[in-house]
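Colleague: What follows is a structure written as structure tokens; I'll ask about it next.
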Amino acid sequence: MGDSPFSGVLGAAQLGEEWAVATLWRELHPRLVRYLRTAVGDDAEDVASDVWMEAAAGLGRFSGDAEALRAWVFTIARRRLIDLRRKNGRRQTFATADDVLTAHADRAASADPEADARLALDEALARIGSLPRDQAEVIALRVLCDLDVETVARIVGKRAGAVRVIQHRALKRLAETMAAEHVTPAPHHTILETDDESLSA
Amino acid sequence: MNHSPLDPESAERLLSAKVISLDTGVGTSAVAALLDAARRPTLAHELRDEPRMVATIADGIRAAKSGSTSRSTRVNPRRRISLVAALAGTALAATSGLAFAGELPGAAQGIASDVLAKIGVTVPGPNSNPGTHPDVRGGSGSGTSSDTSGGGSGTTPGGSASGSDSSQGNGKGAEISKLARTTTASGRDKGAVISTTASGGKSHAGNPPSHPAPPTADPQPPRTAAHPRVGRHRWQLERSRLGRERPRFHRRPERRALTPTGRSRGGSSPRSPGAFSG
């Protein structure tokens, strides 16, 4: 979906056309839920519904490209998380390290590719969610939401340099933790995808 | 346990999914795999609520769109507060300026002088502001509210007394007020006494003449220069009140067409006295 097709989809979505809303929803909702799962665990779907309703109320006034839309939606999501944390205190509901290890151990016994992928995703989200909050937020926005450093810096209200420092610390922390647990990558992880342009393609 | 020689550049490359090298250490390889798993394409279970969610979102968009017009005309509460504060500030500044200049009406100038004196600001008092405005609150000399209510019933119909009294100062008001308090008459007679005094004998309120004066030879109604039509109407009402005739509506005389020479073809002028039924 390039900029020109995106403009058409956005314009139709702003009129309430369901096909266009469905296009945007398919692109954004899985990323949104994954991002929210790193912060609130099983409550992610409920929070995502609130985010979508707020986005629906303001979509008519939105203007910008696909990345701007993504940044806007995740800015809404981040504000929702902040409100939720204020309301619930510091309670965290994402999976604990034990859950991660259990899921990782069970993954080898699974024969279903879909289930295998789902467990790998759950493990990844749980590990990201176990990071300190600022690190988890930056990694989630960079990886799950596919946003660049400058956009993430605008969303979290920090300078780009500070975001780079945070993401470096986060990856180092993950690497040290997984090395200590002797976690080895699965064979299909030897090469990562080079480009992910699902929204802008 | 340093299995992760991960520098900032490698971290950025991992996060941006550009170039991946897994020979940097066990931990780093595991991180690369973890990030890959997190970027995994959408799984089927992540789209299970699509029809319901899309319909709900589309409804929300349409509802917001239909309500956007009325919402745009609504004033933002913050903006409303700012507007009210600005108006209040402007009013306060204007009032203070007038108070400093001594241009407020006498009673208001007195209040402003009293209030500002409490905060150490001296402004002219009501006596420093000569003019036609009353210098004290209430504006009726020594009269109280109960006093004015007694005298108020005798004002002439049409309310012209207030206009004429204002030019005569407070003396007449005090006189009327005193009369209202001291007169021994009561009820209708009291009203008649007060209204007669207040109007200088022009008013017959509460005291209609039992023997109306004989009609004058000339039935021409009194006219005011500014509003002749109003004068005629009041004259008709006055005559009907005195029992001489019933009120009636008068048909406006037909407008006569003017000849090219400017003369009317009719026999009489439309403004002639004969046009009004006497």
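Colleague: Which of (1) in contact (Cβ under 8 Å) with a residue 60 or more places away in the chain; (2) within 11 Å of chain B (Cβ to nearest Cβ) does A:ARG169 not meet, given it meets every other one?
Modeller: Unmet for A:ARG169, out of (1) in contact (Cβ under 8 Å) with a residue 60 or more places away in the chain; (2) within 11 Å of chain B (Cβ to nearest Cβ): (1).
Colleague: So how many residues does segment A:53-81 have that are buried (at least 21 other Cβ atoms within 10 Å of the Cβ) and within 12 Å of another protein chain (Cβ to nearest Cβ)?
Modeller: 4
Residue-wise test of (1) more than 7 Å from chain B (Cβ to nearest Cβ); (2) surrounded by 21 or more Cβ atoms within 10 Å (Cβ to Cβ).
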position: A:GLY8; (1), (2): yes, no
position: A:ARG26; (1), (2): no, no
position: A:LEU32; (1), (2): yes, yes
position: A:VAL47; (1), (2): yes, yes
position: A:VAL51; (1), (2): yes, yes
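So that you can scan it fast, the table gives a plain yes or no per residue for (1) aromatic (Phe, Trp, Tyr); (2) more than 11 Å from chain A (Cβ to nearest Cβ); (3) under 30 Å from A:ILE128 (Cα atoms):
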| site | (1), (2), (3) |
| --- | --- |
| B:THR42 | no, no, yes |
| B:LEU47 | no, no, yes |
| B:THR56 | no, no, no |
| B:ILE61 | no, no, no |
| B:ARG80 | no, yes, no |
| B:THR90 | no, yes, no |
| B:ALA93 | no, yes, no |
| B:GLY97 | no, yes, no |
| B:VAL121 | no, yes, no |
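Colleague: Would you check if B:GLY138 is over 27 Å from the mean Cα position of the chain (by Cα), surrounded by 11 or more Cβ atoms within 10 Å (Cβ to Cβ) and at pLDDT below 80?
Modeller: Numbers: over 27 Å from the mean Cα position of the chain (by Cα): no; surrounded by 11 or more Cβ atoms within 10 Å (Cβ to Cβ): yes; at pLDDT below 80: yes.
No; evaluated as a whole, the condition is false for this residue.
The values are calculated or read from the model by the stated rules, or taken from the named source; none is laboratory data. Keep in mind that what you see is a predicted model, and the values were worked out from it rather than measured. Positions of Cβ are backbone-derived with ideal geometry, glycine not excepted, and every protein chain shown enters the neighbour counts.
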